[in-house]
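Right, one structure below, let's go through it.
Values in this text are rule-based calculations from the coordinates and carry no lab data. Remember, it's a predicted structure, so these values are computed and weren't measured experimentally. Cβ placement follows ideal geometry from the backbone for every residue including glycine, while neighbour counts extend to all protein chains displayed.
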Amino acid sequence: MGKNCPKPQKIIGIMTIISSVTTLTTSCSTQSNTFFSKTNQPVHLSPTLQIPTTQLHKLVNSHLSSAAKVKNLTFTVPTKYQGKIVYHAQLHNNDKVIALTIDDGPWQNTTSQILDILDKNQVKATFFWVGQALQEHPDLAKREVAEGYVIGNHTWHHWYRRMDEATAKSEIERTADLIYKTTGVKTSLFRPPGGFLNNGLAAYAKSQKDTIVMWSLTSADTDPHAKPQAFVNNVLKGAKPGSIVLMHDGGGNRERTVQALPQIISGLKQQGYRFVTVPQLLEMNQ
Ligand SMILES: [Zn+2]
C-alpha cells in the first residue's frame with residue numbers, strides 16, 4: 001500500500017459510518033404502520049411490515065461490519081506526533097485517562113475473550129496486530145474493527161533482529177496491506193516488536209510519518225512464571241494519568257492476561273480512570 005497520499009483524520013471514517021448507520025436506521029424506521037400519501041392522507045399498512053428491534057440491530061450490525069470493511073477507516077494522530085516516538089501523554093489538567101494497548105493478536109480464544117471483557121465494561125482499547133496472526137484470524141480482526149477498537153501495525157514476523165531497509169519496509173507494508181484488505185483500515189500507528197527502536201523498523205516507520213507507539217507501563221504479562229495477580233498489581237500500582245499500558249492477547253498462551261483483565265479494569269475505574277484509545281489520548285495531549 002502506498003503511503004504517499006494524505007492521511008485523513010480518523011474522525012472522517014467514523015463519521016462516515018455513523019452517517020451511514022443513521023441513514024439505515026432512518027430508512028428502517030420508516031417501516032412503521034403509517035405512511036402519508038401525496039395527498040397527505042394517512043395510508044395504513046399492515047403491521048407485519050414493522051421490523052422487530054432484534055432484526056434491526058442485526059441489520060445495523062451487519063451494515064457496520066461491511067462499512068468497516070469497505071469504508072476508508074483511517075487511524076491517525078495529530079500532526080505533531082507523526083514520525084515521532086510516544087511513550088505516554090502529559091495532560092495539562094492531569095485528567096485521569098489511560099490507554100490499554102494489546103499486542104500480538106489476533107489470537108485463537110484469547111482475543112475473543114478479551115473483546116467480551118472490554119465490551120462488557122465498555123472499554124475501548126488499541127490493538128497492535130502481527131501480520132502472520134492476522135492472516136490466521138481475519139474474522140477476529142473484522143470483529144475488532146466493527147466493534148470500534150483502534151488498530152496499529154506490529155510487523156509481519158515480529159522479528160527483533162537488525163534488518164535492512166527493504167526488509168523493514170516489507171515487514172511493515174505487508175502487514176499494512178493485509179490490514180487494509182481484511183478490514184479496510186489504514187493506520188499510522190506502529191509499535192516495534194519488543195520495543196526495539198534501533199533495528200531498522202522504527203526508522204522506516206518514521207520515514208513514513210507513522211507514530212511509534214511505545215508504552216509507559218507494562219503489565220509484564222509475557223513473564224512465563226508470574227501469576228495473573230502480578231499483572232493486576234503491576235498496572236494498578238503503576239498507573240498515572242496519560243499512561244499507555246502494555247498487554248498481550250497473542251504470541252503465546254494469554255489465558256493469564258484474560259484472567260487479569262477484569263481486575264485491571266475494575267481497579268483502574270476505582271482509581272477514577274477513564275479508558276481511551278491511543279489517538280484519543282494524543283488528541284487530549286495537544
Ligand atoms: Zn509484540
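Do any chymotrypsin sites (Phe, Trp or Tyr not before Pro) in the stretch 83-156 lie in a DSSP loop with no more than 15 other beta carbon atoms within 10 Å, and if so, which?
Those that pass, being in a loop and sparsely packed, are Tyr87.
Starting from the 7 Å offset along Cα-to-Cβ, what nm value, one decimal, do you get for the label separation of Ala230 and Ala166?
4.3 nm
What number comes out for the charge environment of Gly251, summing +1 per Lys or Arg and -1 per Asp or Glu over other residues with Cβ under 11 Å away?
Value of the local net charge: -3.
Run down the aspartates and glutamates and flag those whose C-alpha is under 19 Å from the C-alpha of Lys206, throwing out any fewer than 8 positions away in its chain.
Asp164, Glu165, Glu171, Glu173, Asp177
For a quick check: with amide H placed at 1.01 Å from N, whose amide H comes under 5 Å from Lys84's, ignoring anything fewer than 5 positions away on the same chain?
Distant-sequence amide H within range of Lys84: Ile212.
Just need the Rg to Rh number for the stretch 74-284, please, alpha carbons only, Kirkwood Rh.
Result: Rg/Rh = 0.94.
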